[in-house]
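Read the structure below first, then the notes.
The values are calculated or read from the model by the stated rules, or taken from the named source; none is laboratory data. Because the structure is predicted, anything quoted here is derived from the model rather than measured. Because the Cβ atoms are built from the backbone with ideal geometry, glycine has one as well, and the counts that use them run over all protein chains shown.
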Amino acid sequence: TSFGFKEVKEEEKSRLVGNVFTNVASSYDLMNDLMSGGLHRLWKERLVSKLNPFPGMKHLDVAGGTGDVAFRILDSINSVGKRAMRDIQDDNTLDETQIFVCDINPNMLNVGKKRAKERGLGGDKSLIWVEGDAEALKFEDESMDGYTIAFGIRNVTHIEKALSEAYRVLKPGGRFLCLELSHVELPIFKELYDYYSFSVIPAVGQLVAGDRESYQYLVESIRRFPSQDKFASMIVDAGFQKVEYENLVGGVVAIHSGLKF
Ligand code: SAM
């Protein structure tokens, strides 16, 4: 059975999204690996390399759930080269790095906090977990150097609101980056991908997570998400400059970016 998505009302959508992530929270990482063949790791690496994180930055990762993106940002900042750069600055006033992980679902945040502990980052002051909605961020205007949202904006009820909030909280010069499942237009590959997503993903969801409907929902939400060009124009409408996108694996995913001037 499907949810009959065409008729789903806005309040309904929020509730459904909540259920989906409550149901999948514990099996979430395994499912990501299974469904993307491990590729989501490379995509997130790519997102973080585009962000070019730096020591002392204030960063907001929205829909950050299990911390996957935040951990990578922190790793990048703590990587040898960058630490060396910081060490040669004999400026002790260098601001502390702060990476805020914001998610609407406390179950996802709990999985993230647990994973942080497992990685020895339990007491790391750079990581700050915040329950909150992408459409109404609890952060001040112009407080962030960077904003990322990975596989999150598709689930937000009003995409324009999330984009204008992203714009609001970024400092001038701040960068917006969005990694999202997108649209494949290549013939044959498109047919294969359709088969994979409509038949294989819900079946794997049933098998591994015991939850076909949630994964069916995820697949349908990918279909309803705006095309790469349309989404880019929405980012422009939110006020961003230098808006561009990069397709990965023929558009299975796309990374959109924009700058606040
Ligand atoms: N960014 C993580 C990743 O890439 O592995 C998690 C992505 S997961 C597919 C989507 C996340 O978006 C879930 O954790 C869900 O709770 C969160 N989410 C959904 N709607 C949201 C909203 N309006 N505001 C903030 N987070 C939201």
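Data overview
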{"read-out": "Some residue of the range 211-219 being away from the ligand (no atom under 15 Å from the Cβ) and not in a helix (DSSP H, G or I)", "value": "no"}
{"read-out": "Members of the range 119-176 that are of a type in the set (S, T, N, Q) and within 27 Å of P226 (Cβ to Cβ)", "value": "T148, N155, T157, S164"}
{"read-out": "3 or more residues within 14 Å of the chain's Cα centre (by Cα) and within 15 Å of the ligand (Cβ to nearest atom): qualifying strands (runs of 3 or more DSSP E) within the range 114-189", "value": "144-150, 170-181"}
{"read-out": "The range 71-115, residues that are in contact with a Leu (Cβ under 7 Å, 6 or more places away or on another chain) and either within 19 Å of N155 (Cα to Cα) or at pLDDT below 95 (or both)", "value": "R86, V101, C102, D103"}
{"read-out": "In the range 94-111, residue farthest from the ligand (Cβ to nearest atom) [restricted to those that are under 19 Å from L177 (Cβ atoms) and under 18 Å from the mean Cα position of the chain (by Cα)]", "value": "Q98"}
{"read-out": "Residue check for P187: surrounded by fewer than 19 Cβ atoms within 10 Å (Cβ to Cβ) and at pLDDT 95 or above", "value": "no"}
{"read-out": "Residue identified as aliphatic (A, V, I, L, M), modelled with pLDDT of 95 or more and more than 21 Å from A162 (Cβ to Cβ) among L42, L60", "value": "L42"}
{"read-out": "Some residue of the range 97-104 being under 14 Å from G65 (Cβ atoms) and either among the aromatic types (F, W, Y) or in contact with a Pro (Cβ under 7 Å, 6 or more places away or on another chain) (or both)", "value": "yes"}
{"read-out": "Restricting the range 235-256 to residues that are crowded, with 18+ Cβ neighbours inside 10 Å and over 26 Å from Y28 (Cα atoms), the residue that is farthest from the ligand (Cβ to nearest atom)", "value": "V243"}
{"read-out": "Qualifying residue in the range 9-19 (condition: at pLDDT below 85, within 15 Å of the ligand (Cβ to nearest atom), surrounded by 13 or more Cβ atoms within 10 Å (Cβ to Cβ) and of a type in the set (A, V, I, L, M, F, W, C))", "value": "yes"}
{"read-out": "Condition met for Y215 (touching a His at 6+ places or on another chain (Cβ under 8 Å) and of a type outside the set (G, A, S))", "value": "no"}
{"read-out": "Exclusive hit being touching a residue at least 12 places away in the same chain (Cβ under 8 Å) and hydroxyl-bearing (S, T, Y), set S199, S182, S233", "value": "S182"}
{"read-out": "Search result, residues across the range 49-70 that are within 13 Å of the ligand (Cβ to nearest atom) and either farther than 19 Å from L121 by Cα or in contact with a Leu (Cβ under 9 Å, 6 or more places away or on another chain) (or both)", "value": "L60, V62, A63, G64, G65, T66, G67, V69, A70"}
